Amino acid sequence: MSFEYASYLEFMPSTVKISTRKGSNNYGEATVSTTTTRYRARITFQPHEMRRAGGEVVAVKNVCWVASTGTIHATDRITLPDGSTPPILGVETPTDRDGNHHNKLLLGWS
């Protein structure tokens, strides 16, 4: 499903790049695709803490709403407009009557 809510784009002034994780190298470090996809986004500074499923508490720095209904994984890499690549700590995909509406990413400190 594609993002079909053009009226929301005025609230998404930034562009982020997302690269899909391909696997791990011999050192256990994540490797990502060399191709990236650009998305319109809204990035807000909202520092808070969140508890992961395993009970670990992590610090969230930014919340990023992405104009995409496609699947984004926490293992993917996001590049913000300033060139930073913070870890994706959580992904939410809000829905409406038509299905997926957008992706909400919780970003950590880089």
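Scan region 68-102 residue by residue and report those that are surrounded by 12 or more Cβ atoms within 10 Å (Cβ to Cβ), more than 20 Å from T35 (Cα to Cα) and of a type in the set (S, T, N, Q).
T93, N100
From the list M50, M12, exactly one residue is over 17 Å from H102 (Cα atoms) and surrounded by 12 or more Cβ atoms within 10 Å (Cβ to Cβ). Which is it?
Result of the check over M50, M12: M50.
Yes/no matrix, rows are residues, columns are (1) touching a residue at least 60 places away in the same chain (Cβ under 8 Å); (2) in a strand (DSSP E or B); (3) closer than 18 Å to E92 by Cα:
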residue: L9; (1), (2), (3): no, no, no
residue: T15; (1), (2), (3): yes, yes, no
residue: G23; (1), (2), (3): no, yes, no
residue: Y27; (1), (2), (3): no, no, no
residue: T34; (1), (2), (3): no, no, no
residue: E49; (1), (2), (3): no, yes, yes
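Restricting attention to region 20-76, which residues are aromatic (F, W, Y) and farther than 16 Å from L9 by Cβ? Reasoning before the result, please.
Initial filter on region 20-76 (aromatic (F, W, Y)): 27, 39, 45, 65.
Across region 20-76, the qualifying residues are Y27, F45.
Out of all the residues in region 61-110, which are assigned to a loop (DSSP other than H, G, I, E, B) and touching an Asp or Glu at 6+ places or on another chain (Cβ under 9 Å)? Even if it seems obvious, please write down each step before you answer.
Let us first name the residues in region 61-110 that are assigned to a loop (DSSP other than H, G, I, E, B), namely 67-76, 80-87, 93-94, 97-98, 101-102, 108-110.
Within region 61-110, T69, D98 qualify.
Any read-out appearing in this document is the output of simple, stated calculations on the displayed coordinates, not a laboratory observation. Everything numeric in this text was worked out from a predicted model, so none of it was measured. For neighbour counting, all protein chains shown are included, and Cβ atoms are generated from backbone atoms with ideal geometry for every residue, glycine included.
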